[in-house]
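The numbers here are math on the coordinates, done by the rules we state, and not lab data. Treat the numbers as computed from the prediction; the structure is a model and nothing was measured. Quick reminder, even Gly has a Cβ in these numbers, built from the backbone with ideal geometry, and neighbours come from all protein chains shown.
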Amino acid sequence: FFDSENDAEWGEEESILLDIEAFKKNNPSPIIAIITDGTMLPFFSYGDYVGGNKVYGDNIKKLVGSICIVEMNDEKTMVRRIALESKGKFTLTAINHDFNNMEPVINNVELLSASEIVWIRKRKKILDIKI
């Protein structure tokens with residue numbers, strides 16, 4: 001039961017941290033990532049948090065076609081759609097190919113793990129529009 005007079009009011013950052021901790025506590029092999037660019041627009045925006053449960057080895061093949069948090073052998077972690085698989089290597093694609101700062105397609109990637117996104121925590125969007 002929430003009592004607004006006696007309970008602390010959480011700000012957005014505290015609320016996000018509590019949500020992340022709850023996700024980690026209640027999921028097997030959890031991973032959380034933050035969206036740091038526009039490559040996955042319109043599904044995910046800059047500053048959104050996403051989470052999933054890591055799968056490894058041959059189980060990654062089951063995620064072809066899904067948007068996932070991927071961990072690569074070079075220790076990079078990013079959010080991409082897993083496309084083709086050939087001989088244990090994958091093609092990763094951005095959804096927003098108009099975003100100029102990243103490669104829209106990365107071929108022949110060996111993945112340490114992949115996690116289908118099952119949890120999303122969006123930040124409030126604050127637009128500072130001056131007319």
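For the pair residue 120 and residue 75, what calculated FRET efficiency results from E = 1/(1 + (r/R0)^6), where r is the Cβ-Cβ distance and R0 = 22 Å, to the nearest 0.05?
It comes to 0.35.
Tell me the net charge near residue 62. Cut-off is 15 Å between Cβ atoms, residue 62 excluded, with +1 for each Lys or Arg and -1 for each Asp or Glu.
Spelling it out: positives minus negatives among the neighbours equals 0.
Quote the relative contact order of segment 17-77 in percent (integer), defining contacts as alpha-carbon pairs under 8 Å separated by 6+ residues.
Taking the mean separation of contacting Cα pairs over the length of segment 17-77, I get 27 percent.
Between residue 96 and residue 27, 0.36 nm times their residue separation minus their Cα-Cα distance comes to what?
Extra length available between residue 96 and residue 27 comes to 21.9 nm.
Kindly state, to the nearest 0.05, the FRET efficiency for residue 66 paired with residue 18, given R0 = 41 Å and r defined as their beta-carbon distance.
0.90
Set the Förster distance to 25 Å, then compute FRET efficiency between residue 105 and residue 58 from the Cβ-Cβ distance, nearest 0.05.
After rounding to 0.05, the efficiency reads 0.60.
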